[in-house]
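The values are calculated or read from the model by the stated rules, or taken from the named source; none is laboratory data. Every value quoted in this text rests on a predicted model; they were computed, and no experiment measured them. Here the Cβ positions follow ideal geometry from the backbone for every residue, glycine too, while neighbour counts run over all protein chains shown.
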Amino acid sequence: MSQNSPRVKVQPMHPHREAVEAALVQARHSVIRDFLTYYLGIHPTDALPARSQFDPMAIPRMLPHLVLAEVEYPTDGSAPRFRVKVAGDEVTRSLGISMHGRYLDEIANSERPSMRFPIADRQMVVETGRLLHRIGRPRMQFSLDFADIELVHCPLAEDGATVDHVVSVFHYSGAPANA
């Protein structure tokens with residue numbers, strides 16, 4: 001490179017974006033792959049995508065499988081809470097309970113104390129700013145019987161760094177054909 005050549009500043013790729021790309025390669029079901037493809041499309045190179053960039057109506061095929069939870073940070077420094085803003089029909093049907101507008105910890109503690117609602121998964125997404133992708137046996141009881149579940153929890157951050165929403169997509173293997 002000569003002294004007169006302009007220097008090109010290369011923007012480093014956000015580490016979460018690389019994790020999404022890796023999950024996309026591992027994803028088994030088209031609902032999860034389609035969601036991750038959409039999510040990558042709104043993901044900035046150097047930050048987390050914002051809630052204002054995420055449009056659930058842009059992915060209508062995935063709406064039944066989607067849960068959008070707002071992250072609330074208590075002022076006492078305790079663990080964040082998750083209030084459900086959107087809960088797709090397939091998720092609601094599989095749980096057998098209404099989630100919309102409710103806090104996940106209240107659902108777990110009041111309606112189904114034995115349900116072992118995996119709130120820790122979303123807390124990990126908040127703490128790390130990275131998605132969680134899992135395939136395997138469900139870790140909680142559903143009202144319908146499924147062989148396996150594939151899920152992804154992805155962070156959204158209006159400021160590009162502080163997670164303020166977690167968007168989740170679920171695919172239940174063995175779900176009835178109308179799902």
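Would you call Arg81 over 17 Å from His133 (Cβ atoms), touching a Leu at 6+ places or on another chain (Cβ under 8 Å) and crowded, with 17+ Cβ neighbours inside 10 Å? Answer is yes for this residue.
Hey, does region 45-54 have a residue that's among the hydroxyl-bearing types (Ser, Thr, Tyr), at pLDDT 90 or above and not in a helix (DSSP H, G or I)? No, region 45-54 has no match at all. Screening region 23-35 for residues that are surrounded by 13 or more Cβ atoms within 10 Å (Cβ to Cβ) and either among the hydrophobic types (A, V, I, L, M, F, W, C) or not in a helix (DSSP H, G or I) (or both) and picking the one that is modelled with the lowest pLDDT gives His29. Remark: pairs (first residue in region 146-161, farther than 19 Å from Arg33 by Cβ and among the charged types (D, E, K, R); second residue modelled with pLDDT of 95 or more and in a loop (DSSP other than H, G, I, E, B); Cβ separation under 7 Å; 6+ apart in sequence or on different chains) = Glu158/Ala50; Glu158/Asp164.
The test for being in contact with a helix residue (DSSP H, G or I) (Cβ under 9 Å, 6 or more places away or on another chain), within 24 Å of Gly160 (Cα to Cα), at pLDDT 85 or above and outside any loop (DSSP other than H, G, I, E, B) holds for Val84. Of Asp159, Asp145, Asp164, all but one fail to be acidic (Asp, Glu), more than 20 Å from Leu24 (Cβ to Cβ), surrounded by fewer than 16 Cβ atoms within 10 Å (Cβ to Cβ) and modelled with pLDDT of 80 or more; the exception is Asp159.
Output the residues belonging to region 62-76 that are of a type outside the set (Asp, Glu) and either farther than 15 Å from Val169 by Cβ or surrounded by fewer than 11 Cβ atoms within 10 Å (Cβ to Cβ) (or both). First the steps, then the outcome.
If we filter region 62-76 for residues that are of a type outside the set (Asp, Glu), which is where we start, we get 62-69, 71, 73-75.
Listed by number, the residues that qualify are Val71, Tyr73, Pro74, Thr75.
Considering the conditions (1) within 15 Å of Ala161 (Cα to Cα); (2) touching an Asp or Glu at 6+ places or on another chain (Cβ under 9 Å); (3) surrounded by 14 or more Cβ atoms within 10 Å (Cβ to Cβ), Pro49 is excluded by exactly one of them, (2).
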